[in-house]
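Undergrad: This structure is in structure tokens; I'll ask about it shortly.
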Amino acid sequence: MRTPIAAGNWKMNFGPRQAQQFAGIVRDPLNAVTGAEVVLFPPFIAIPTVYNVLYGTHIGLGAQNLSDQLGGAYTGEVAASMIAELCRWVIVGHSERRHYYGETDATVNTKTRVALDADLTPIVCVGEHLADREANLTERVITTQVRGSLGGLPAEQIGRVVVAYEPVWAIGTGRAATRQDAEDVIALIRALVSELYGQPVADALRILYGGSVTAANVGEFMASPQIDGALVGGASLKPEFVDIAQIIASAKASS
Ligand code: 13P
């Protein structure tokens, strides 16, 4: 039994003031969700504010990125140990980091190790571009990303890793993947993780879908036994995220 996850990636939205206001609105209804782990990912500068708002609830808190370095003279970077003072979660290798900031599978692999060493739970993102899908390269791209991003991690820590499948063409486009597309790639990811770490690890691995998830379509994804939750962007900036979290929890409770 894999506990489902409703994760809200706020991306570069909500400074401390807006974050405080929004977190104040969703706090109690999100805290009332049982049967799913609910996690918010504010921008770094809003994390302390949201930490205070969420204090005393069981809503999780995470960062959207972390440094691959442990500390010291790296201007503008934030170390895993600093994040771990306030958060238990971190997103690693989001497609926007890969695309705009040049993160490679090697960077993502290093950051995942660093996150695990700091006792954070990393959500490691993979996903193909539209051109990959149209050229029938999805399987090859995902295989390269999974092996490169997740290969060689310490066996005793791998159980903490969460993977998010976010097809790049579905992010922020309003064009979500079909349940079948998501299910096919997620089954592939599970098979690849089984090759790397064995079947029990693959069976226990939580794999989320992300890309234009809304309250209207999340139920369809959650009806798949392969899909263990959602990584939500745009809709996590609205009270709609409460509905999404409730749907994730109840879909899995009844399956
Ligand atoms: P959207 O839900 O806005 O498509 O974003 C998905 C995403 O990238 C979450 O990390």
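The values are calculated or read from the model by the stated rules, or taken from the named source; none is laboratory data. The model shown is predicted, which means the values in this text are computed figures rather than measured ones. Neighbour counts run over all protein chains shown; Cβ positions are idealised from the backbone, glycine included.
Undergrad: If you take the residues of region 156-175 that are more than 11 Å from the ligand (Cβ to nearest atom) and not in a strand (DSSP E or B), which of them is nearest to the chain's Cα centre (by Cα)?
TA: Going through the qualifying residues, I end up with V161.
Undergrad: Looking at this structure, is F22 over 20 Å from E166 (Cα atoms) and within 16 Å of the ligand (Cβ to nearest atom)? Steps first, please.
TA: Numbers: over 20 Å from E166 (Cα atoms): yes; within 16 Å of the ligand (Cβ to nearest atom): yes.
Yes: the conditions hold for F22.
Undergrad: Give just the number: which of (1) in contact (Cβ under 8 Å) with a residue 24 or more places away in the chain; (2) within 15 Å of the ligand (Cβ to nearest atom); (3) surrounded by 18 or more Cβ atoms within 10 Å (Cβ to Cβ); (4) not β-branched (V, I, T) does E103 not satisfy?
TA: If we test E103 against (1) in contact (Cβ under 8 Å) with a residue 24 or more places away in the chain; (2) within 15 Å of the ligand (Cβ to nearest atom); (3) surrounded by 18 or more Cβ atoms within 10 Å (Cβ to Cβ); (4) not β-branched (V, I, T), just (1) comes out false.
Undergrad: Find the residue count for region 36-86, including only residues that are assigned to a loop (DSSP other than H, G, I, E, B), closer than 25 Å to M222 by Cβ and either touching a Leu at 6+ places or on another chain (Cβ under 9 Å) or of a type outside the set (G, A, S) (or both). Before the answer, list the steps.
TA: Here is the first cut: in region 36-86, the ones assigned to a loop (DSSP other than H, G, I, E, B) are 36, 42-43, 55-59, 64-79.
Adding the requirement that they be closer than 25 Å to M222 by Cβ leaves 36, 42, 57-59, 64.
Pick out the ones that are also either touching a Leu at 6+ places or on another chain (Cβ under 9 Å) or of a type outside the set (G, A, S) (or both) and you get 42, 57-59, 64.
Result for region 36-86: 5.
Undergrad: Within region 41-49, is there a residue that is under 14 Å from the mean Cα position of the chain (by Cα), surrounded by 20 or more Cβ atoms within 10 Å (Cβ to Cβ) and not β-branched (V, I, T)?
TA: yes
Undergrad: For region 154-168, enumerate the residues that are surrounded by fewer than 18 Cβ atoms within 10 Å (Cβ to Cβ) and either under 18 Å from E128 (Cα atoms) or aliphatic (A, V, I, L, M) (or both).
TA: A155
Let's see how each residue does on (1) surrounded by fewer than 18 Cβ atoms within 10 Å (Cβ to Cβ); (2) among the small types (G, A, S); (3) at pLDDT 95 or above; (4) within 15 Å of the ligand (Cβ to nearest atom):
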position	(1), (2), (3), (4)
T121	no, no, yes, no
H129	yes, no, yes, yes
N136	yes, no, yes, no
G148	yes, yes, yes, no
G152	yes, yes, yes, no
A177	no, yes, yes, yes
L205	no, no, yes, no
L231	no, no, yes, yes
S236	no, yes, yes, yes
